[in-house]
1. Out of B:24, B:79, which single residue is more than 10 Å from chain A (Cβ to nearest Cβ) and in a strand (DSSP E or B)?
2. Which residues, taken from the stretch B:27-39, are more than 13 Å from the chain's Cα centre (by Cα) and in a strand (DSSP E or B)?
3. From the list B:91, B:97, which residue is closer than 22 Å to residue A:32 by Cβ, within 11 Å of another protein chain (Cβ to nearest Cβ) and surrounded by fewer than 18 Cβ atoms within 10 Å (Cβ to Cβ)?
4. If we keep just the residues of the stretch B:82-112 that are in a strand (DSSP E or B) and in contact with a helix residue (DSSP H, G or I) (Cβ under 8 Å, 6 or more places away or on another chain), which is nearest to residue A:60 (Cα to Cα)?
5. Give me the residue from the stretch B:40-74 that is within 18 Å of residue A:102 (Cα to Cα) and assigned to a strand (DSSP E or B) and, out of that set, farthest from the other protein chains (Cβ to nearest Cβ).
6. In the stretch B:56-86, how many residues are more than 22 Å from residue A:94 (Cα to Cα) and under 11 Å from the mean Cα position of the chain (by Cα)?
7. With B:62, B:4 as the choices, which residue is within 27 Å of residue A:31 (Cα to Cα) and either modelled with pLDDT of 95 or more or buried (at least 19 other Cβ atoms within 10 Å of the Cβ) (or both)?
8. Any idea which of B:48, B:20 is surrounded by fewer than 17 Cβ atoms within 10 Å (Cβ to Cβ), modelled with pLDDT of 95 or more and out of contact with any helix residue (DSSP H, G or I) (no Cβ under 9 Å at 6 or more places or on another chain)?
């Protein structure tokens, strides 16, 4: 099992450019999450998908869109990147039901100039 | 809104000593708590969790204590090793919610 994988590992964008961050899990988990992590702060939830076919906003959804492509994949899109979106982005997944533990990917480091 | 926080942003301990990392939460309706370890350049790694119907849970070298009266959570690491150096996050889940709310994190440094 690879667990949760994320691509790319690093990315530099210019203001106004768009990009999609990819996330995939091979643990047959139902729920998937996108977080951002800024220096000195904990993880903040951007969007999540409780199950295939559903998505919901988290704490900081503005400037982002998501797609739950299938059970394995959950992508995060920045349509017009801004310097304030410079951050480290983490994807996580968990099985549904009473198991609450989320498992995280290695992260994507994004710099917007 | 209610949030999870940490008492100390940094903690330095001697190798071999026990470490205690604290976390305060303010939502009395939270029913699940979890600790993650994050090493530099990596994603958070699950350490241990506890439900609100428990006061204590033990793992390998780690113990989580939950005091619902004062809304306090702690992570105890026994016989701290250099590999324990990392940032530790607590998180809570509100009852009925789908998502975790994370604290700021505490950086644990091990002195030789």
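The values are calculated or read from the model by the stated rules, or taken from the named source; none is laboratory data. Because the structure is predicted, anything quoted here is derived from the model rather than measured. Cβ placement follows ideal geometry from the backbone for every residue including glycine, while neighbour counts extend to all protein chains displayed.
1. On the way: B:79 fails: in a strand (DSSP E or B).
It is B:24.
2. Answer for the stretch B:27-39, where residues must be more than 13 Å from the chain's Cα centre (by Cα) and in a strand (DSSP E or B): B:30, B:31.
3. Exactly one residue qualifies, and that residue is B:97.
4. Let us first name the residues in the stretch B:82-112 that are in a strand (DSSP E or B), namely B:86-94, B:100-102, B:106-111.
Right, trim to in contact with a helix residue (DSSP H, G or I) (Cβ under 8 Å, 6 or more places away or on another chain) and you get B:108, B:110.
Numbers: B:108: 28, B:110: 34 Å.
For the stretch B:82-112, the residue satisfying everything is B:108.
5. B:64
6. 10
7. Numbers: B:62 fails: within 27 Å of residue A:31 (Cα to Cα).
Every option except B:4 fails the conditions.
8. B:20
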